[in-house]
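To start, the structure under review is shown below, and the notes come after it.
Please treat every number below as a calculation from the coordinates, not as lab data. Small disclaimer: the values here were computed from a predicted structure and weren't measured. Every residue, glycine as well, gets a Cβ built from its backbone with ideal geometry; the counts of neighbours run over all protein chains shown.
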Ligand code: FPP
């Protein structure tokens, strides 16, 4: 568990509200996703500036396959484009990109873009950007725990450090099968703001709120 003052936090974000953002503007629901991708660019840059150690973004859950075929195809294409265009820029900024979740159901073009982005940015030390695609925390835990490993082995297989701070946009207050093991001691932050409207200032304010929180991890904290 992180206890040192110089620990760079692991921040996770459930990016919700793209569909409602579009609907509120008389647009088809999927029209919110490309605008959401612009927010991703802004928030990644802000995470670098704010000294975030790892940023895990929930881009596509295993349940999202139930969405209309055209919306799913649009999201897959958007994720591929993001990786192709952003990986070189993020590489220059020292960002390491990894993707978590199943790959066997993804379009081949996206799988290739993921592999290329991961290889290119493998040495990045500034920020670890993790994108969850076709991800379910329950599935990940079941797969990692199949032979009843000890906690250390399980954590290594999940491949994720504990989440320090989880943000969810879009008004709902639930975890939706995201990083269930890793969020055991996460501080939580929920905002009504829909993801396409979420700004660098919103993110900075949330991080400032997180830094003010007294984290006891079940123990006793000293009075301020
Ligand atoms: C939830 O909005 C959002 C998603 C299902 C997709 C998230 C994808 C992006 C933000 C864009 C691409 C991501 C990256 C990493 C480049 P919703 O459609 O469920 O919104 P609603 O709650 O209003 O229905």
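Computed over the range 1-128, relative contact order equals 26 percent, with contacts defined as Cα pairs under 8 Å that lie 6+ residues apart.
For the chain, compute Rg over Rh where Rg is the Cα radius of gyration and Rh is the Kirkwood radius from the inverse mean 1/r over Cα pairs. Mind showing how you got there, number by number?
Details: Rg = 17.3 Å, Rh = 18.2 Å.
That ratio equals 0.95.
When the Gaussian network model of the chain links Cα atoms closer than 10 Å, the mean-square fluctuations of 152, 19, 123 top out at 152.
Per-residue extension of 0.36 nm, minus the Cα-Cα distance of residue 217 and residue 81, leaves a gain of 45.0 nm for this segment.
Computed over the range 52-113, the P(r) tail beyond 16 angstrom holds 50 percent of alpha carbon pairs.
The calculated Kirkwood hydrodynamic radius for the range 9-105 is 14.6 Å, given to one decimal from all distinct C-alpha pairs.
Applying a 10 Å radius around every beta-carbon, put 172-182, 99-109 in order of their mean neighbour count, most first. Before the final figure, lay out each step's value.
On the way: 172-182: 16.5, 99-109: 14.8.
Put in order of decreasing packing, that is 172-182, 99-109.
The length gained by stretching the chain between residue 69 and residue 25 to full extension, at 0.36 nm per residue less their Cα-Cα distance, is 13.6 nm. Cβ-Cβ distance of residue 190 and residue 120, R₀ of 25 Å, FRET efficiency by 1/(1 + (r/R0)^6): the value works out to about 0.15. Per residue, the Cα convex hull of the range 91-164 amounts to 107 Å³. Grab the DSSP H runs of the chain that are 4 residues or longer, score each as -39,500 (n - 2.57), total them, divide by all residues and round the 222 nm result to the nearest 500 deg cm²/dmol. Mean residue ellipticity at 222 nm (helix-derived): -12500 deg cm²/dmol. The alpha carbon centroids of the range 115-163 and the range 167-199 are separated by 19 Å. Note on residue 157 and residue 139: their simple-model spin labels are 1.6 nm apart, each label 7 Å out from Cα toward Cβ. Share of pairwise Cα-Cα distances greater than 18 Å in the range 36-80 is 41 percent (whole percent).
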